[in-house]
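The values are calculated or read from the model by the stated rules, or taken from the named source; none is laboratory data. The shown structure was predicted, so the numbers you read here are calculated from the model rather than taken from an experiment. Every residue, glycine among them, receives a Cβ derived from its backbone with ideal geometry; neighbour counts consider all protein chains shown. Keep in mind that these areas ignore ligands, DNA and RNA; they rest on the heavy atoms of the full protein, side chains included. Shrake-Rupley method; radii C 1.70, N 1.55, O 1.52, S 1.80 Å.
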Amino acid sequence: MKRILITGASSGIGMHLANSYLEAGWQVIACGRSLSKLQSAIKATHPALILCTFDINQRTEVINKLKEVRALDAVILNAGTCEYMDDPLSFDSALFKRVIDTNVTGTGYCLEGVLSNINQGGQLAIVSSSVTMLPLTRSEAYGASKAALDYLTRTLAIDLSPRGIAVSLIRPGFVDTALTQKNTFSMPGIISGEQACKYIMQGLEQRKLEINFPKIFFFIMKILSLLPNALWRRLAVKMIRTAE
Ligand SMILES: NC(=O)c1ccc[n+]([C@@H]2O[C@H](COP(=O)([O-])OP(=O)(O)OC[C@H]3O[C@@H](n4cnc5c(N)ncnc54)[C@H](OP(=O)(O)O)[C@@H]3O)[C@@H](O)[C@H]2O)c1
């Protein structure tokens, strides 16, 4: 039986991944902060399920728990948070730190704990976001955190290749989860958690270096990202004014 570890498994994309890998016959180590939340999100009585609780901001706890989980065929580092910067003139450095701590430093703690437990020929995936394709309004903290994950993942893909570990960068567009349910703006091309899960499982099966979805949204973002910076800035400012 293959073994996969998934962080952020207590809701949204991670929850769907945990349930789908269980259905596909994998042993799943599902990680989250709250045992009761994990138990109600995932098929808690499934014999192939192991629950593991830690807050990814607590370095010692993360490393100690993850060092115990041996012989992994795949790891998906998915836990993350999103907060937007409402007023750029009163830059909220506490918010900035919260987002960077959880999304970037927390991922680093997970890597320290888990990397040496991935089998030769195994896989590592990190969940970033399509936000990294373009600078988007109010995304100073979230975008910066995910851009850091892009660089980290691409670098790991180089350095882990000689060790036989395939690395994938996952960049979802909008997915209907608790994280996006609090958004008050329109989210073009939004897909369900189940659809996101299918894209991710398919991409990992093919050991893809980058898993970008949904396809039409990715294509539009790709085209926009090819515009000269000054033109994109003018368009983005115009979009903010129209929305006001
Ligand atoms: N939804 C989207 O449109 C979208 C788009 C692009 C990228 N993403 C990325 O996809 C990933 C999953 O997001 P989601 O949409 O599924 O959101 P979600 O439903 O809010 O799930 C986030 C998961 O991360 C966990 N988490 C957050 N902070 C944590 C911490 N300090 N320690 C341990 N676990 C923590 C949460 O645990 P708790 O239940 O304990 O809070 C939860 O299980 C995130 O990295 C997000 O940035 C999402």
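List of remarks:
- For segment 103-131, a residue qualifies if it is in contact with a strand residue (DSSP E or B) (Cβ under 7 Å, 6 or more places away or on another chain) and of a type in the set (S, T, N, Q), and the qualifying residues are Thr107, Asn117, Asn119, Gln123, Ser128, Ser129, Ser130.
- Residue check, Ile50 more than 20 Å from the chain's Cα centre (by Cα), β-branched (Val, Ile, Thr) and at negative phi: yes
- Residue within segment 94-113 that is touching a helix residue (DSSP H, G or I) at 6+ places or on another chain (Cβ under 6 Å) and modelled with pLDDT under 95 present: no
- Meets criteria (open to solvent by 20 Å² or more (accessible area, probe 1.4 Å), among the small types (Gly, Ala, Ser) and either more than 15 Å from the chain's Cα centre (by Cα) or on the phi > 0 side of the Ramachandran plot (or both)) for Ser90: yes
- Criterion applied to Ala44, Ala9, Ala79 was being of a type in the set (A, V, I, L, M, F, W, C), part of a loop (DSSP other than H, G, I, E, B) and modelled with pLDDT under 95, and the one residue passing it is Ala44.
- Complete set of residues in segment 51-68 that are more than 11 Å from the ligand (Cβ to nearest atom) and either within 17 Å of Ile13 (Cα to Cα) or touching a Leu at 6+ places or on another chain (Cβ under 9 Å) (or both): Leu51, Leu66
- Set Gly173, Gly189: member being in contact with a Phe, Trp or Tyr (Cβ under 7 Å, 6 or more places away or on another chain), open to solvent by 20 Å² or more (accessible area, probe 1.4 Å) and closer than 21 Å to Ile216 by Cβ: Gly189
- Residue in segment 149-166 that is open to solvent by 40 Å² or more (accessible area, probe 1.4 Å), within 14 Å of the ligand (Cβ to nearest atom) and more than 23 Å from Ala41 (Cβ to Cβ) present: yes
Condition check ((1) under 24 Å from Thr180 (Cβ atoms); (2) among the hydrophobic types (A, V, I, L, M, F, W, C); (3) within 16 Å of the ligand (Cβ to nearest atom); (4) open to solvent by 10 Å² or more (accessible area, probe 1.4 Å)) across all residues:
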{"residue": "Lys2", "(1), (2), (3), (4)": "no, no, no, yes"}
{"residue": "His16", "(1), (2), (3), (4)": "yes, no, yes, yes"}
{"residue": "Gly25", "(1), (2), (3), (4)": "no, no, no, yes"}
{"residue": "Ala30", "(1), (2), (3), (4)": "yes, yes, yes, no"}
{"residue": "Leu49", "(1), (2), (3), (4)": "no, yes, yes, yes"}
{"residue": "Arg70", "(1), (2), (3), (4)": "no, no, no, yes"}
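- Cross-chain or 6+ apart pairs with Cβ under 9 Å, segment 108-130 first and farther than 14 Å from Leu5 by Cβ and in contact (Cβ under 8 Å) with a residue 60 or more places away in the chain, then β-branched (Val, Ile, Thr) and open to solvent by 20 Å² or more (accessible area, probe 1.4 Å): none
- Where a residue in segment 168-183 is of a type in the set (A, V, I, L, M) and its partner, wherever it lies, is in a loop (DSSP other than H, G, I, E, B) and within 6 Å of the ligand (Cβ to nearest atom), with Cβ under 6 Å and at least six apart: Ala178/Ser11; Leu179/Cys82
- For segment 226-244, the count of residues that are in contact with a strand residue (DSSP E or B) (Cβ under 6 Å, 6 or more places away or on another chain) and surrounded by fewer than 15 Cβ atoms within 10 Å (Cβ to Cβ) is zero.
- Residue-level analysis places Pro135 outside the set of residues that are buried (at least 21 other Cβ atoms within 10 Å of the Cβ) and either out of contact with any His (no Cβ under 7 Å at 6 or more places or on another chain) or within 18 Å of Gly203 (Cα to Cα) (or both).
- Flag if Glu244 is charged (D, E, K, R) and farther than 28 Å from Phe91 by Cβ: no
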